[in-house]
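The values are calculated or read from the model by the stated rules, or taken from the named source; none is laboratory data. Keep in mind that what you see is a predicted model, and the values were worked out from it rather than measured. When we count neighbours, we look across all protein chains shown, and the Cβ atoms used for this are built from the backbone with ideal geometry, even at glycine. With ligands, DNA and RNA removed, areas are computed over all heavy atoms of the protein, side chains included. Shrake-Rupley method; radii C 1.70, N 1.55, O 1.52, S 1.80 Å.
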Amino acid sequence: MSQLSSTLKRYTDTPYAKSSYGTYTPSSYGANLAASFLEKEKLSFKPAHPSGFLNTRPRMYGPASILDYDRGRPMLRSEVGGGKRGESQSRISERPSGSGLNGGSNLPYGMPSNSLNYLPVNSRDQTSKSTQGLAGLRNLGNTCFMNSILQCLSNTRELRDYCLQRLYLRDLNSSSHAHTALMEEFAKLIQTIWTSSANDVVSPSEFKTQIQRFAPRFVGYNQQDAQEFLRFLLDGLHNEVNRVTVRPKSNPDHLDHLPDEEKGRQMWRKYLEREDSRIGDLFVGQLKSSLTCTECGYCSTVFDPFWDLSLPIAKRGYPEVTLMDCMRLFTKEDVLDGDEKPTCCRCRARKRCTKKFSIQKFPKILVLHLKRFSESRIRTSKLTTFVNFPLRDLDLREFASENTNHAVYNLYAVSNHSGTTMGGHYTAYCRSPVTGEWHTFNDSSVTPMSSSQVRSSDAYLLFYELASPPSRM
(Lines give C-alpha, C1' and ligand atoms only; values in the text may rest on other atoms or scores of the structure.)
Protein backbone atom coordinates (compact mmCIF):
# COMPACT_ATOMS: atom_id res chain seq x y z
CA MET A 1 0.00 0.00 0.00
CA SER A 2 1.06 3.57 -0.50
CA GLN A 3 1.90 5.98 2.22
CA LEU A 4 -1.55 7.42 1.89
CA SER A 5 -1.60 10.00 4.61
CA SER A 6 -4.36 10.68 7.00
CA THR A 7 -6.04 13.97 6.41
CA LEU A 8 -5.27 14.68 10.05
CA LYS A 9 -8.96 15.14 10.71
CA ARG A 10 -9.78 17.28 13.69
CA TYR A 11 -11.73 14.45 15.32
CA THR A 12 -8.60 12.40 15.89
CA ASP A 13 -8.69 11.10 19.42
CA THR A 14 -5.53 9.07 19.93
CA PRO A 15 -1.91 9.84 20.84
CA TYR A 16 0.81 10.66 18.42
CA ALA A 17 3.19 7.82 17.68
CA LYS A 18 6.86 8.50 17.05
CA SER A 19 7.90 7.71 13.48
CA SER A 20 11.26 6.55 12.22
CA TYR A 21 12.06 10.07 11.04
CA GLY A 22 11.95 11.60 14.50
CA THR A 23 8.59 13.24 13.92
CA TYR A 24 5.16 12.28 15.16
CA THR A 25 2.29 10.84 13.16
CA PRO A 26 -1.21 9.94 14.35
CA SER A 27 -1.43 6.33 15.40
CA SER A 28 -5.14 5.93 14.67
CA TYR A 29 -8.50 7.65 14.41
CA GLY A 30 -11.48 7.44 16.72
CA ALA A 31 -14.61 5.82 15.40
CA ASN A 32 -17.08 7.87 17.44
CA LEU A 33 -17.68 10.93 15.29
CA ALA A 34 -20.57 12.14 17.40
CA ALA A 35 -18.24 13.41 20.12
CA SER A 36 -16.88 16.90 19.69
CA PHE A 37 -13.49 16.93 18.03
CA LEU A 38 -12.37 19.51 20.57
CA GLU A 39 -13.30 17.17 23.40
CA LYS A 40 -11.88 14.04 21.84
CA GLU A 41 -8.57 15.19 20.32
CA LYS A 42 -5.56 14.02 22.29
CA LEU A 43 -1.98 14.37 21.15
CA SER A 44 1.17 13.24 22.86
CA PHE A 45 4.90 13.49 22.48
CA LYS A 46 5.08 10.04 24.06
CA PRO A 47 5.71 7.12 21.66
CA ALA A 48 2.82 4.75 21.13
CA HIS A 49 2.80 1.43 19.32
CA PRO A 50 0.94 1.75 16.00
CA SER A 51 -0.59 -1.69 16.32
CA GLY A 52 -3.15 -0.18 18.66
CA PHE A 53 -5.23 0.55 15.58
CA LEU A 54 -6.11 -3.12 15.42
CA ASN A 55 -8.07 -2.76 18.64
CA THR A 56 -10.33 0.06 17.48
CA ARG A 57 -14.06 -0.37 17.38
CA PRO A 58 -15.70 -1.83 14.28
CA ARG A 59 -16.25 0.52 11.38
CA MET A 60 -19.62 2.26 11.48
CA TYR A 61 -21.66 4.26 9.00
CA GLY A 62 -20.48 7.56 7.64
CA PRO A 63 -17.08 8.99 6.73
CA ALA A 64 -15.21 7.15 9.46
CA SER A 65 -11.52 6.41 9.21
CA ILE A 66 -10.36 3.85 6.68
CA LEU A 67 -6.72 4.30 7.42
CA ASP A 68 -4.33 1.85 8.96
CA TYR A 69 -0.73 2.27 9.96
CA ASP A 70 2.45 0.32 9.35
CA ARG A 71 5.57 1.45 11.19
CA GLY A 72 4.11 4.88 11.63
CA ARG A 73 3.07 5.09 7.95
CA PRO A 74 -0.67 5.47 7.32
CA MET A 75 -2.14 3.25 4.66
CA LEU A 76 -5.56 2.19 3.49
CA ARG A 77 -7.15 -1.05 4.58
CA SER A 78 -9.25 -3.09 2.21
CA GLU A 79 -11.98 -4.20 4.55
CA VAL A 80 -15.37 -5.72 3.96
CA GLY A 81 -18.66 -4.63 5.36
CA GLY A 82 -20.37 -1.51 6.59
CA GLY A 83 -21.50 1.46 4.60
CA LYS A 84 -24.27 3.91 4.12
CA ARG A 85 -27.81 2.77 3.48
CA GLY A 86 -28.81 2.91 -0.15
CA GLU A 87 -30.77 5.45 -2.13
CA SER A 88 -33.80 3.40 -1.19
CA GLN A 89 -34.39 -0.19 -0.30
CA SER A 90 -36.21 -0.70 -3.58
CA ARG A 91 -33.18 0.29 -5.67
CA ILE A 92 -31.23 -2.71 -4.44
CA SER A 93 -33.45 -4.96 -6.52
CA GLU A 94 -33.19 -2.74 -9.58
CA ARG A 95 -29.94 -4.15 -10.88
CA PRO A 96 -29.94 -3.76 -14.65
CA SER A 97 -29.68 -6.80 -16.80
CA GLY A 98 -26.10 -7.65 -17.67
CA SER A 99 -24.64 -5.60 -14.83
CA GLY A 100 -22.89 -6.80 -11.73
CA LEU A 101 -19.64 -8.54 -11.08
CA ASN A 102 -19.42 -10.44 -14.35
CA GLY A 103 -21.92 -8.51 -16.38
CA GLY A 104 -21.32 -6.35 -19.40
CA SER A 105 -23.10 -4.18 -21.89
CA ASN A 106 -23.26 -3.41 -25.57
CA LEU A 107 -21.64 -0.04 -24.96
CA PRO A 108 -18.08 0.74 -26.04
CA TYR A 109 -16.83 0.20 -22.51
CA GLY A 110 -17.58 -3.48 -22.90
CA MET A 111 -15.13 -3.83 -25.80
CA PRO A 112 -11.95 -5.83 -25.28
CA SER A 113 -8.84 -3.83 -24.46
CA ASN A 114 -7.15 -4.59 -27.78
CA SER A 115 -9.89 -2.72 -29.63
CA LEU A 116 -9.38 0.50 -27.70
CA ASN A 117 -7.94 2.78 -30.36
CA TYR A 118 -9.09 5.99 -28.74
CA LEU A 119 -8.34 9.34 -30.28
CA PRO A 120 -7.08 12.48 -28.48
CA VAL A 121 -9.65 14.61 -26.73
CA ASN A 122 -9.70 17.23 -29.50
CA SER A 123 -10.78 14.68 -32.11
CA ARG A 124 -13.99 15.44 -33.99
CA ASP A 125 -14.41 11.93 -35.40
CA GLN A 126 -16.75 10.61 -32.71
CA THR A 127 -18.15 13.59 -30.81
CA SER A 128 -18.26 17.34 -31.14
CA LYS A 129 -16.31 19.45 -28.68
CA SER A 130 -19.45 20.77 -27.02
CA THR A 131 -20.79 17.31 -26.19
CA GLN A 132 -17.61 15.55 -25.08
CA GLY A 133 -17.63 14.01 -21.62
CA LEU A 134 -21.42 14.17 -21.22
CA ALA A 135 -22.20 10.44 -21.14
CA GLY A 136 -24.07 9.14 -18.12
CA LEU A 137 -23.14 6.13 -16.00
CA ARG A 138 -25.52 3.25 -15.43
CA ASN A 139 -26.48 2.60 -11.82
CA LEU A 140 -25.61 -1.04 -11.12
CA GLY A 141 -27.66 -1.12 -7.93
CA ASN A 142 -26.86 1.49 -5.25
CA THR A 143 -23.67 2.56 -7.08
CA CYS A 144 -24.57 6.25 -7.26
CA PHE A 145 -21.70 6.95 -4.83
CA MET A 146 -19.28 5.45 -7.36
CA ASN A 147 -20.84 7.22 -10.35
CA SER A 148 -20.66 10.58 -8.61
CA ILE A 149 -16.93 10.25 -7.90
CA LEU A 150 -16.15 8.88 -11.38
CA GLN A 151 -17.79 11.87 -13.03
CA CYS A 152 -15.85 14.28 -10.79
CA LEU A 153 -12.59 12.53 -11.75
CA SER A 154 -13.62 12.41 -15.42
CA ASN A 155 -13.77 16.21 -15.35
CA THR A 156 -10.38 16.54 -13.64
CA ARG A 157 -8.53 17.96 -16.63
CA GLU A 158 -5.03 16.53 -16.16
CA LEU A 159 -6.25 13.13 -14.96
CA ARG A 160 -8.59 12.95 -17.96
CA ASP A 161 -5.71 13.78 -20.33
CA TYR A 162 -3.51 11.21 -18.62
CA CYS A 163 -6.09 8.59 -19.59
CA LEU A 164 -7.15 9.90 -23.01
CA GLN A 165 -3.59 10.31 -24.25
CA ARG A 166 -2.75 6.90 -22.77
CA LEU A 167 0.22 8.34 -20.89
CA TYR A 168 -0.49 5.92 -18.05
CA LEU A 169 0.85 3.07 -20.22
CA ARG A 170 4.42 4.21 -19.70
CA ASP A 171 3.93 4.27 -15.93
CA LEU A 172 2.34 0.86 -15.37
CA ASN A 173 4.76 -0.67 -12.89
CA SER A 174 4.13 -4.37 -13.46
CA SER A 175 4.07 -6.76 -16.40
CA SER A 176 1.29 -8.66 -14.67
CA HIS A 177 -2.16 -7.61 -15.85
CA ALA A 178 -3.57 -8.48 -12.43
CA HIS A 179 -1.46 -5.69 -10.91
CA THR A 180 -2.50 -3.00 -13.37
CA ALA A 181 -6.11 -3.90 -14.15
CA LEU A 182 -7.63 -1.13 -12.03
CA MET A 183 -5.73 1.64 -13.83
CA GLU A 184 -6.44 0.08 -17.20
CA GLU A 185 -10.17 -0.26 -16.56
CA PHE A 186 -10.38 3.25 -15.11
CA ALA A 187 -8.63 4.66 -18.19
CA LYS A 188 -10.90 2.67 -20.53
CA LEU A 189 -13.94 4.03 -18.71
CA ILE A 190 -12.72 7.64 -18.99
CA GLN A 191 -11.91 7.06 -22.67
CA THR A 192 -15.41 5.73 -23.30
CA ILE A 193 -17.07 8.63 -21.49
CA TRP A 194 -15.15 11.12 -23.60
CA THR A 195 -15.64 9.34 -26.94
CA SER A 196 -19.35 8.64 -26.51
CA SER A 197 -22.13 10.84 -27.77
CA ALA A 198 -24.05 13.09 -25.42
CA ASN A 199 -26.90 11.26 -23.66
CA ASP A 200 -25.21 7.89 -24.13
CA VAL A 201 -25.18 5.69 -21.03
CA VAL A 202 -22.01 3.81 -20.16
CA SER A 203 -21.93 0.73 -17.95
CA PRO A 204 -19.08 0.79 -15.38
CA SER A 205 -19.51 -2.90 -14.54
CA GLU A 206 -15.99 -3.95 -15.62
CA PHE A 207 -14.47 -1.11 -13.62
CA LYS A 208 -16.52 -2.16 -10.60
CA THR A 209 -15.14 -5.69 -10.92
CA GLN A 210 -11.60 -4.31 -10.62
CA ILE A 211 -12.20 -1.84 -7.78
CA GLN A 212 -13.81 -4.54 -5.67
CA ARG A 213 -10.83 -6.84 -6.28
CA PHE A 214 -8.58 -4.09 -4.95
CA ALA A 215 -10.99 -3.16 -2.13
CA PRO A 216 -13.34 -6.04 -1.25
CA ARG A 217 -15.52 -3.70 0.82
CA PHE A 218 -17.14 -2.64 -2.47
CA VAL A 219 -18.29 -6.16 -3.36
CA GLY A 220 -22.04 -6.28 -3.74
CA TYR A 221 -24.57 -3.50 -3.99
CA ASN A 222 -24.62 -1.79 -0.62
CA GLN A 223 -24.53 1.98 -0.60
CA GLN A 224 -21.10 3.27 0.42
CA ASP A 225 -19.54 6.55 1.41
CA ALA A 226 -18.25 8.60 -1.54
CA GLN A 227 -15.23 9.95 0.30
CA GLU A 228 -14.08 6.47 1.28
CA PHE A 229 -14.54 5.29 -2.29
CA LEU A 230 -12.45 8.20 -3.58
CA ARG A 231 -9.62 7.38 -1.19
CA PHE A 232 -9.55 3.72 -2.09
CA LEU A 233 -9.69 4.48 -5.80
CA LEU A 234 -6.89 7.06 -5.78
CA ASP A 235 -4.75 4.78 -3.64
CA GLY A 236 -5.27 1.90 -6.05
CA LEU A 237 -4.51 4.00 -9.13
CA HIS A 238 -1.42 5.45 -7.45
CA ASN A 239 -0.09 2.01 -6.58
CA GLU A 240 -0.35 0.79 -10.16
CA VAL A 241 1.45 3.77 -11.73
CA ASN A 242 3.92 4.42 -8.93
CA ARG A 243 7.21 5.40 -10.54
CA VAL A 244 9.04 3.82 -7.61
CA THR A 245 9.23 0.12 -8.39
CA VAL A 246 11.55 -0.76 -5.49
CA ARG A 247 10.95 1.17 -2.31
CA PRO A 248 14.10 1.99 -0.32
CA LYS A 249 14.48 0.75 3.22
CA SER A 250 13.36 3.11 5.93
CA ASN A 251 16.10 5.47 6.97
CA PRO A 252 15.91 6.36 10.67
CA ASP A 253 17.45 9.79 10.12
CA HIS A 254 16.47 12.25 12.82
CA LEU A 255 15.38 15.59 11.43
CA ASP A 256 14.20 17.35 14.58
CA HIS A 257 17.30 19.55 14.64
CA LEU A 258 16.45 21.12 11.26
CA PRO A 259 14.45 24.34 10.80
CA ASP A 260 10.81 23.61 9.99
CA GLU A 261 11.06 24.66 6.35
CA GLU A 262 14.04 22.38 5.70
CA LYS A 263 12.49 19.59 7.75
CA GLY A 264 9.35 19.79 5.62
CA ARG A 265 11.41 19.58 2.43
CA GLN A 266 13.34 16.56 3.73
CA MET A 267 10.15 14.78 4.73
CA TRP A 268 8.66 15.48 1.32
CA ARG A 269 11.78 14.11 -0.36
CA LYS A 270 11.59 10.96 1.74
CA TYR A 271 7.93 10.57 0.81
CA LEU A 272 8.69 10.84 -2.92
CA GLU A 273 11.43 8.24 -2.58
CA ARG A 274 8.66 5.73 -1.90
CA GLU A 275 5.49 7.21 -3.38
CA ASP A 276 5.80 9.02 -6.71
CA SER A 277 3.08 8.88 -9.35
CA ARG A 278 1.11 11.10 -11.67
CA ILE A 279 -1.89 10.55 -9.39
CA GLY A 280 0.14 11.85 -6.46
CA ASP A 281 1.43 14.76 -8.57
CA LEU A 282 -2.15 15.94 -8.82
CA PHE A 283 -3.79 15.15 -5.49
CA VAL A 284 -1.13 15.03 -2.76
CA GLY A 285 -0.25 17.98 -0.54
CA GLN A 286 1.66 18.26 2.72
CA LEU A 287 0.17 19.21 6.07
CA LYS A 288 2.12 20.63 9.01
CA SER A 289 1.02 19.96 12.58
CA SER A 290 2.66 21.79 15.50
CA LEU A 291 2.37 20.78 19.14
CA THR A 292 3.87 23.25 21.64
CA CYS A 293 4.38 22.84 25.38
CA THR A 294 3.20 26.01 27.13
CA GLU A 295 5.62 25.50 30.02
CA CYS A 296 9.00 24.82 28.37
CA GLY A 297 8.17 26.03 24.85
CA TYR A 298 9.26 22.80 23.16
CA CYS A 299 7.57 22.45 19.75
CA SER A 300 7.16 19.17 17.89
CA THR A 301 6.32 19.45 14.21
CA VAL A 302 4.81 16.82 11.95
CA PHE A 303 4.82 16.91 8.14
CA ASP A 304 2.37 14.47 6.60
CA PRO A 305 1.16 14.00 3.02
CA PHE A 306 -2.60 14.31 2.53
CA TRP A 307 -4.96 13.42 -0.30
CA ASP A 308 -7.94 15.40 0.98
CA LEU A 309 -8.86 17.55 3.97
CA SER A 310 -11.86 16.75 6.17
CA LEU A 311 -13.35 20.00 7.42
CA PRO A 312 -15.60 20.28 10.46
CA ILE A 313 -18.69 22.36 9.75
CA ALA A 314 -18.36 25.55 11.75
CA LYS A 315 -21.15 26.94 13.92
CA ARG A 316 -23.26 23.84 14.09
CA GLY A 317 -26.89 24.75 14.38
CA TYR A 318 -26.50 27.81 12.18
CA PRO A 319 -28.43 27.68 8.89
CA GLU A 320 -25.41 28.92 6.87
CA VAL A 321 -21.63 29.07 7.25
CA THR A 322 -18.81 29.80 4.83
CA LEU A 323 -16.12 27.46 3.60
CA MET A 324 -13.53 29.82 5.06
CA ASP A 325 -15.24 29.43 8.46
CA CYS A 326 -14.71 25.67 8.14
CA MET A 327 -11.07 26.09 7.09
CA ARG A 328 -10.41 28.41 10.03
CA LEU A 329 -11.94 25.92 12.41
CA PHE A 330 -9.79 23.14 10.93
CA THR A 331 -6.60 25.18 11.41
CA LYS A 332 -7.62 26.85 14.68
CA GLU A 333 -5.10 26.62 17.52
CA ASP A 334 -6.46 24.35 20.24
CA VAL A 335 -5.44 24.13 23.88
CA LEU A 336 -4.91 20.63 25.26
CA ASP A 337 -5.39 20.69 29.00
CA GLY A 338 -6.84 18.59 31.79
CA ASP A 339 -7.34 15.01 30.70
CA GLU A 340 -6.13 15.94 27.22
CA LYS A 341 -2.68 17.06 28.33
CA PRO A 342 0.03 15.19 26.40
CA THR A 343 3.41 14.19 27.77
CA CYS A 344 6.19 16.56 26.78
CA CYS A 345 9.39 14.67 26.00
CA ARG A 346 11.49 17.57 27.28
CA CYS A 347 9.62 18.08 30.55
CA ARG A 348 9.02 14.32 30.82
CA ALA A 349 5.61 15.03 32.31
CA ARG A 350 2.07 15.75 31.16
CA LYS A 351 1.85 19.43 30.32
CA ARG A 352 -0.64 21.90 28.91
CA CYS A 353 0.00 22.25 25.16
CA THR A 354 -1.30 24.05 22.09
CA LYS A 355 -1.87 22.37 18.74
CA LYS A 356 -2.27 23.88 15.28
CA PHE A 357 -2.52 22.71 11.66
CA SER A 358 -1.27 24.57 8.59
CA ILE A 359 -0.64 23.64 4.96
CA GLN A 360 2.99 23.19 4.00
CA LYS A 361 2.44 22.26 0.34
CA PHE A 362 -0.73 22.92 -1.62
CA PRO A 363 -1.75 20.20 -4.09
CA LYS A 364 -2.68 20.78 -7.71
CA ILE A 365 -6.13 19.32 -7.00
CA LEU A 366 -7.54 20.10 -3.57
CA VAL A 367 -10.39 17.88 -2.37
CA LEU A 368 -12.31 19.29 0.60
CA HIS A 369 -14.58 16.90 2.49
CA LEU A 370 -17.38 18.51 4.49
CA LYS A 371 -18.00 16.39 7.59
CA ARG A 372 -21.77 16.13 7.38
CA PHE A 373 -22.14 12.75 9.07
CA SER A 374 -21.72 12.01 12.76
CA GLU A 375 -22.40 8.93 14.85
CA SER A 376 -23.56 8.20 18.34
CA ARG A 377 -24.41 5.01 20.13
CA ILE A 378 -28.06 5.62 19.39
CA ARG A 379 -28.14 6.82 15.80
CA THR A 380 -26.31 8.40 12.91
CA SER A 381 -27.15 11.96 11.97
CA LYS A 382 -26.48 14.26 9.05
CA LEU A 383 -25.75 17.99 9.13
CA THR A 384 -27.67 19.87 6.43
CA THR A 385 -25.98 23.20 7.11
CA PHE A 386 -25.57 25.28 3.96
CA VAL A 387 -21.85 25.83 3.39
CA ASN A 388 -21.28 28.82 1.14
CA PHE A 389 -18.22 28.10 -0.98
CA PRO A 390 -16.71 30.16 -3.82
CA LEU A 391 -16.72 28.89 -7.39
CA ARG A 392 -13.64 30.92 -8.23
CA ASP A 393 -10.67 32.49 -6.45
CA LEU A 394 -10.71 30.47 -3.22
CA ASP A 395 -7.69 32.10 -1.55
CA LEU A 396 -6.13 29.83 1.09
CA ARG A 397 -2.88 31.72 1.61
CA GLU A 398 -3.77 32.54 5.21
CA PHE A 399 -3.56 28.82 6.02
CA ALA A 400 -0.07 28.34 4.57
CA SER A 401 2.85 27.43 6.84
CA GLU A 402 5.03 29.88 4.92
CA ASN A 403 4.56 32.62 2.37
CA THR A 404 3.29 31.36 -0.97
CA ASN A 405 1.53 32.69 -4.05
CA HIS A 406 0.27 29.25 -5.09
CA ALA A 407 -2.85 28.86 -2.98
CA VAL A 408 -5.73 30.21 -5.09
CA TYR A 409 -8.22 27.64 -6.39
CA ASN A 410 -11.19 27.37 -8.76
CA LEU A 411 -14.02 24.90 -8.26
CA TYR A 412 -14.70 22.37 -11.01
CA ALA A 413 -16.71 19.55 -9.41
CA VAL A 414 -18.95 18.76 -6.44
CA SER A 415 -20.11 15.38 -5.15
CA ASN A 416 -23.51 15.84 -3.51
CA HIS A 417 -25.39 13.68 -1.03
CA SER A 418 -29.13 14.27 -0.76
CA GLY A 419 -31.56 12.63 1.59
CA THR A 420 -30.93 11.18 5.02
CA THR A 421 -28.75 8.53 6.59
CA MET A 422 -31.53 6.00 6.08
CA GLY A 423 -31.98 6.64 2.37
CA GLY A 424 -29.77 8.96 0.38
CA HIS A 425 -28.56 9.52 -3.17
CA TYR A 426 -25.34 10.84 -4.71
CA THR A 427 -25.06 13.13 -7.73
CA ALA A 428 -22.27 15.27 -9.18
CA TYR A 429 -22.07 18.81 -10.50
CA CYS A 430 -19.13 19.18 -12.89
CA ARG A 431 -17.68 21.98 -15.00
CA SER A 432 -16.41 20.70 -18.34
CA PRO A 433 -12.67 21.22 -18.83
CA VAL A 434 -13.45 21.70 -22.54
CA THR A 435 -16.38 24.14 -22.58
CA GLY A 436 -16.42 25.49 -19.02
CA GLU A 437 -20.14 24.73 -18.80
CA TRP A 438 -21.69 23.12 -15.71
CA HIS A 439 -23.76 19.91 -15.89
CA THR A 440 -25.64 17.74 -13.40
CA PHE A 441 -24.60 14.07 -13.49
CA ASN A 442 -27.34 11.93 -11.95
CA ASP A 443 -26.34 8.35 -12.82
CA SER A 444 -27.46 7.87 -16.45
CA SER A 445 -28.93 11.36 -16.72
CA VAL A 446 -26.78 14.36 -17.71
CA THR A 447 -28.38 17.80 -17.90
CA PRO A 448 -27.09 21.38 -18.23
CA MET A 449 -27.19 23.59 -15.18
CA SER A 450 -26.43 27.15 -14.23
CA SER A 451 -23.38 27.98 -12.14
CA SER A 452 -25.78 29.70 -9.71
CA GLN A 453 -27.20 26.26 -8.85
CA VAL A 454 -23.89 24.67 -7.85
CA ARG A 455 -24.04 25.72 -4.20
CA SER A 456 -26.45 23.67 -2.11
CA SER A 457 -26.79 22.12 1.32
CA ASP A 458 -26.15 18.71 -0.31
CA ALA A 459 -22.50 19.51 -1.14
CA TYR A 460 -20.28 16.80 0.36
CA LEU A 461 -16.96 16.77 -1.54
CA LEU A 462 -15.56 19.86 -3.25
CA PHE A 463 -12.97 19.52 -6.02
CA TYR A 464 -10.78 22.59 -6.56
CA GLU A 465 -8.04 23.12 -9.14
CA LEU A 466 -5.02 25.30 -8.41
CA ALA A 467 -5.23 28.48 -10.46
CA SER A 468 -1.45 29.03 -10.54
CA PRO A 469 0.31 25.67 -10.27
CA PRO A 470 3.73 25.70 -8.59
CA SER A 471 6.81 24.76 -10.55
CA ARG A 472 6.96 21.23 -9.10
CA MET A 473 3.78 20.38 -11.04
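Shape class for region 122-251, computed from the alpha carbon gyration tensor (a ≥ b ≥ c): oblate, with a/c not under 1.5 and a/b at or below b/c.
A DSSP coil position with no more than 12 other Cβ atoms inside 10 Å describes the following GluC sites (Glu not before Pro) in region 378-473: Glu402. Sparsely packed loop sites in region 293-381 (the GluC sites (Glu not before Pro) outside DSSP H, G, I, E and B with at most 15 other Cβ atoms within 10 Å) comprise Glu295, Glu333. Taking only protein heavy atoms and a 1.4 Å probe, the accessible area of region 378-451 is 44% carbon and sulfur.
Quick check on region 368-471: take the gyration tensor over C-alpha atoms, sort the square-rooted eigenvalues as a ≥ b ≥ c, and tell me if it's rounded (a/c under 1.5), prolate or oblate.
oblate
The H on the amide N of Glu295, modeled in the peptide plane, is under 5 Å from the matching H of no residue at least 5 residues off or on a different chain.
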